[in-house]
Amino acid sequence: MANEIRRIGLISDTHGLLRKEAVEALRGSELIIHAGDVGNAEILEKLRKIAAVVAVRGNVDTEPWAQALPETAVAEAGAAKIYILHDVNTLDLNPAAAGFHVVVSGHSHKPGQMERDGVLFINPGSAGPRRFQLPVTVAHLRVGRTPYEVEFIKLDPSGDPV
């Protein structure tokens with residue numbers, strides 16, 4: 001990805017539901033990362049109308065269209081090297097040793113961030129159907145300066161799909 005990218009939209013676990021609020025929250029992104037469990041190809045098409053999309057396959061992405069999605073992906077934005085996978089528990093490399101600055105994952109539906117060995121781990125949460133009492137969220141990652149800035153955007157779980 002181009003080095004001038006500074007604002008990245010993060011989304012995961014849409015499970016076939018793309019809310020209008022999620023689309024609005026991601027507007028202005030220069031890159032969108034979808035961390036899997038997309039649910040259908042139309043979601044990626046709609047996201048591509050906002051910005052370039054890097055997406056990985058999640059455990060519910062079993063239809064033929066999803067076979068084109070990789071299980072892991074790498075994106076670069078500015079000086080940030082980002083590793084993307086659906087379930088962080090399947091991480092089979094040391095991201096710090098591999099030169100990654102950020103790891104983006106989904107799967108748990110729990111939004112959060114933590115730093116380990118100088119690597120920022122981000123889960124944007126679930127933007128699809130609400131699960132249990134977990135919030136419905138997307139996130140923004142800004143990589144224009146360090147430390148990188150992460151902002152979680154809580155969506156209304158009754159929001160209409162696009």
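Of the set (1) within 16 Å of Lys81 (Cβ to Cβ); (2) part of a loop (DSSP other than H, G, I, E, B); (3) open to solvent by 20 Å² or more (accessible area, probe 1.4 Å), all apply to Phe132 but (1).
Annotation: of all residues in segment 94-141 being aliphatic (A, V, I, L, M), in contact with a strand residue (DSSP E or B) (Cβ under 9 Å, 6 or more places away or on another chain) and without any contact (Cβ under 8 Å) to a residue 24 or more places away in the chain, the one that is farthest from Val74 (Cα to Cα) is Met114.
If you check Glu4 against the conditions, is it touching a residue at least 40 places away in the same chain (Cβ under 8 Å), in a strand (DSSP E or B) and over 21 Å from Gly112 (Cβ atoms)? When the stated conditions are applied, Glu4 does not pass them.
For segment 57-73, the criterion of being within 21 Å of Phe152 (Cβ to Cβ) and either assigned to a strand (DSSP E or B) or acidic (Asp, Glu) (or both) is met by no residue.
Okay, residues lined up against (1) among the β-branched types (Val, Ile, Thr); (2) at pLDDT 95 or above; (3) open to solvent by 80 Å² or more (accessible area, probe 1.4 Å):
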site	(1), (2), (3)
Lys49	no, yes, yes
Leu69	no, yes, no
Tyr83	no, yes, no
His86	no, yes, no
Val102	yes, yes, no
His107	no, yes, no
Asn123	no, yes, no
Ser126	no, yes, no
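Within segment 147-159, the set of residues being without any contact (Cβ under 8 Å) to a residue 60 or more places away in the chain and among the acidic types (Asp, Glu) comprises Glu149, Glu151. What single numbered condition from (1) closer than 22 Å to Asn40 by Cβ; (2) in contact (Cβ under 8 Å) with a residue 24 or more places away in the chain fails to hold for Gly144? Evaluating Gly144 over (1) closer than 22 Å to Asn40 by Cβ; (2) in contact (Cβ under 8 Å) with a residue 24 or more places away in the chain leaves (1) as the failure. Picking from Arg57, Arg142, which residue would you name as being open to solvent by 20 Å² or more (accessible area, probe 1.4 Å), modelled with pLDDT of 95 or more and over 16 Å from Asp13 (Cβ atoms)? Going through Arg57, Arg142 in turn, the sole match is Arg142.
The values are calculated or read from the model by the stated rules, or taken from the named source; none is laboratory data. No experiment lies behind these values; they were computed from the predicted model shown. Every residue, glycine among them, receives a Cβ derived from its backbone with ideal geometry; neighbour counts consider all protein chains shown. Just the protein is used for accessible areas: all its heavy atoms, side chains included, with ligands, DNA and RNA removed. Shrake-Rupley method; radii C 1.70, N 1.55, O 1.52, S 1.80 Å.
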